[in-house]
Structures are given as C-alpha cells and as structure tokens.
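Novice: The structure that follows is given in the form of structure tokens.
Derivation of every value follows stated rules applied to the coordinates shown; laboratory data play no part. Only a predicted model underlies this, so the values are computations on that prediction, with no experimental measurement involved. Positions of Cβ are generated from backbone atoms using ideal geometry, with glycine treated the same way; all protein chains shown enter the neighbour counts.
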Amino acid sequence: MDVADFDYELPSQAIAQEPVEPRDASRLLIARTLEELPFTSFPSLLDPGDLLVVNRTRVRHARLEARRADTGGAVEVLLIRQLAGGEWEALMRPARRIRAGVDLTIGDRTIEVRSNPVDGVATVALRPDDDVEAFLDAHGSVPLPPYFRGELQDPDRYQTIFASDPGSAAAPTAALHFTPRVLEGIHARDVRVSSVTLEIGLDTFRPMASGSVRDHQIHTERIIVDEQVADAIAQTKARGNRVVAVGTTVVRTLESAADESGVVLPYDGPTSLFILPGYRPRVVDALLTNFHAPRTTLIALVAALAGDRWRDIYRHALDEGFRFLSFGDALYIEVSP
C-alpha cells in the first residue's frame, strides 16, 4: 500500500478560509448516496437508541510570543504536548539559533530550552511550572491550522461546544458544526451523547512521506475513555443500535479502547493506532467527519471506513463546491457490515 494511493488534487480555493455562521449552516454530504443535506438535518440520520460520541478536548492557548533572555530576539513557542517531569515538546520559530541552555521569557515565566531543536521541535520547561493553564490562557493564543490563512474574530470559533478538557494543539473539527439547536434535535430523537478525550497533536496535519504507508510512524496521543462511556456503548450494542463517532479522533479512541471482541474498556493512556484499508471497525458503526487533506493518515482512515468509493465521494464533493479541511463542510459515512 503506497502513500500515492491516498493522494488527490486539492485546489487551494476548495480550502475553507473562513467559518460559516452560524456553525450549523455548513453542508453535509451522505457518502452512501451522495445526497446533500443542510447540517441542521444531521439528527434525521440517527435512530432512536443510537449513541453519538464526541471528543471533549479543548485547544490550549499554546502559541506563545517569547523573547530570548540574552538578546531580546523574538521567538514563537508552540507547546505541542506535555511530557513527564513537567517538560513540554515545543515547536520553535525561528529555531536555527536556538540551543539547549537558552532561556526565553514571557510574562513572569522563563522557558528553559532543554534540548537542541530537531526539525524545529525541542524539549522545554516552564519556570515556575504552577498554574500553567491559567498562564497560557492569559499570555498565549490558540494555534490555528497551518493551511488556514484567514482570521477569526472570536478564538472560541476554533473550539467545539463540547470542549472542556484542555490538552490539544488542534480542534476535533468534525464537531465544529454542532450548535445547541442541533443538539436539541439529537436529544429529541432519543439519541444519547457521550464524550471521550483524545489530545490532538500537530502531527495530525503532517502528510505521509512518499513510499510505503506502513513506513509512516503515526503520532502517539493520549486518550481517555471513562467507565460511563464504556457502559453506554455496551448498552447501545446490546440493543442493536449504532455507535456514531464524531470525528476521526473518536474512531481512533474507541477502537483503541476495544478488546478483540469489540468490548470497550475504560482506558487512560497512549494510542498510536493507524487505521488503514483492510481494518474492520469493532465498535464504530458510522462516522461524521470533515474533508481531509491528501496523503494524510486521516484520508487513510476514511478509505478504511468508506472503501474504494472514497475517491468518487471526494471528487463529487470538489465538483459540487464543498468546502474542505478544518472550517469546511461535513461528510457522513456508514460503515458496511
């Protein structure tokens, strides 16, 4: 299986450079029939007794504008994920003159560079290291996707209405379409909503290099599945109803927490599950997602769930002017039994 198998031509004009307002004014494409619906009709695709699972992660205000303590030069620091011992993995710009031992300052904090950057990424530590989330909220900004060239009037537009657990460097964008109005429609159909956590790293945007797909090292991310979610899934399956995942992050989370028989167990830890064509989902029956960039692990996951028709689906979406990537439109995929 070659990376080129997941390539397609994505015109720049198809990439959404501003969010639609209201959120639920986006378009929704049904993969099986290529029927188009307004996103406000999404609840009609769910059956009473189904379970909708969302990612409750919140994007950190992790982009910091720091200064070198020695020269005063500006350095952008993007905290990607927290490591053991209070250290962080961070993307530095510019990184060419940053070395281990350099101190950066922002507000009342010092950012100690602990390792030489590799591809712009270094290990850093914040000192003092207390109340980090409050510090980031006060001094940082939300990192937006690298392909997004627009501006947001409200940074919370890149947060979902389910966001509660800070820890991600990117939003679970499939849930950006949801509004209280859509949720009311979902509850009115007697559909339960549960939440899990997957802390999204920047590698979610990283394309696969040329060659064999299996040579690509997928990013490792923390997931949390609590006992209530595991119980809700067990009850849903016992009734013969469906588990509908909102976003590829939820698919990876639920499939990672499932045993070989498909039973989801409570779990808090890392996952590096790489879902490729040939993978048969053990838990997820349907997926609501956005339209993803070529040559990414996200396209591979879509191909695994939608089958060989994924190219026809994407070609149709491009021909019909659907908006792609983070602030784009939505796609609903039912997994074949």
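Novice: Based on other C-beta atoms within 10 Å, arrange LEU202, LEU301 from fewest to most.
Specialist: LEU202, LEU301
Novice: If you average 1/r over every pair of different alpha-carbon atoms in the chain and take one over that average, what Kirkwood value in Å do you get?
Specialist: With all distinct Cα pairs of the chain included, I get 20.9 Å.
Novice: Something else about it: Taking the Cα centre of region 173-250 as the origin, how large is its charge dipole in debye, to the nearest 20, when only Lys and Arg (+1) and Asp and Glu (-1) carry charge on their Cβ atoms?
Specialist: 340
Novice: What Rg and what Dmax come out for region 20-124 when only alpha-carbon atoms are used, in angstroms?
Specialist: 21.9, 63
Novice: Read phi for every residue in region 181-195 and hand back ³J(HN,Hα) as whole Hz from Karplus 6.51 cos²θ - 1.76 cosθ + 1.60, θ = phi - 60°, with x for Gly and Pro.
Specialist: Coupling constants for region 181-195: 4, 5, 4, 4, x, 5, 5, 5, 8, 6, 10, 8, 10, 10, 9 Hz.
Novice: Could I ask something else about it? Can you tell me the dipole magnitude for the chain around its Cα centre, using point charges on the Cβ only (Lys, Arg +1; Asp, Glu -1), in Debye to the nearest 20?
Specialist: 440
Novice: Given the options ALA238, ALA95, ALA258, state which has the largest fluctuation in a GNM of the chain using a 10 Å cut-off (strictly under) for Cα springs.
Specialist: Per the Cα network of the chain with a 10 Å cutoff, ALA238 tops the list.
Novice: Let me ask something else. From the backbone phi of region 36-44, what are the Karplus-calculated ³J(HN,Hα) couplings (6.51 cos²θ - 1.76 cosθ + 1.60, θ = phi - 60°) in whole Hz, Gly and Pro given as x?
Specialist: 9, 10, x, 4, 4, 8, 3, x, 5
Novice: Compute the length gained on full extension between MET1 and GLU65: take 0.36 nm times their separation in residues and subtract their Cα-Cα distance, giving the result in nm to one decimal.
Specialist: Extra length from MET1 to GLU65 when fully extended: 18.9 nm.
Novice: So how do HIS219, HIS187 line up by other beta-carbon neighbours within 10 Å, fewest first?
Specialist: Exposure proxy ranking, most exposed first: HIS187, HIS219.
Novice: Can you give the charge dipole size of region 63-139 about its Cα centre, rounded to the nearest 20 debye, using +1 on the beta carbon of Lys and Arg and -1 on the beta carbon of Asp and Glu?
Specialist: Computed charge dipole of region 63-139: roughly 480 debye.
Novice: In whole Hz, what ³J(HN,Hα) sequence does region 126-138 give by Karplus (6.51, -1.76, 1.60; θ = phi - 60°), x for Gly and Pro?
Specialist: For region 126-138, the Karplus curve yields 8, 10, x, 10, 9, 6, 5, 4, 5, 5, 5, 4, 7 Hz.
Novice: As a footprinting exposure proxy, order GLU255, GLU36 by other Cβ within 10 Å, with the fewest listed first.
Specialist: In order of increasing Cβ crowding within 10 Å: GLU36, GLU255.
Novice: Return the single residue from ARG222, ARG56, ARG280 with maximal mean-square fluctuation; model: Gaussian network over the chain, springs between Cα atoms under 10 Å.
Specialist: Top of the fluctuation ranking is ARG280.
Novice: Under a 5 Å amide H to amide H cut-off, with H placed in plane at 1.01 Å, what residues pair with SER326 once short-range neighbours are removed?
Specialist: For SER326, no residues qualify.
Novice: Does region 63-139 classify as rounded, prolate or oblate by the C-alpha gyration tensor (a ≥ b ≥ c root eigenvalues; a/c under 1.5 gives rounded; else a/b over b/c gives prolate, otherwise oblate)?
Specialist: oblate
Novice: Just order 206-215, 189-198, 42-51 by mean Cβ neighbour count inside 10 Å, highest at the front, would you?
Specialist: 189-198, 42-51, 206-215
Novice: Would you grab the residues whose amide H sits under 5 Å from the one on VAL75? Only those 5+ places off in sequence or on another chain, please, with H modelled 1.01 Å from N.
Specialist: Residues meeting the criterion, in which the H sits 1.01 Å from N, are ALA66, ARG67, ARG68.
Novice: When the label point is put 7 Å from the Cα of GLU18 along its Cα-to-beta-carbon vector, which residues of region 136-176 have a backbone N closer than 15 Å?
Specialist: 149-154
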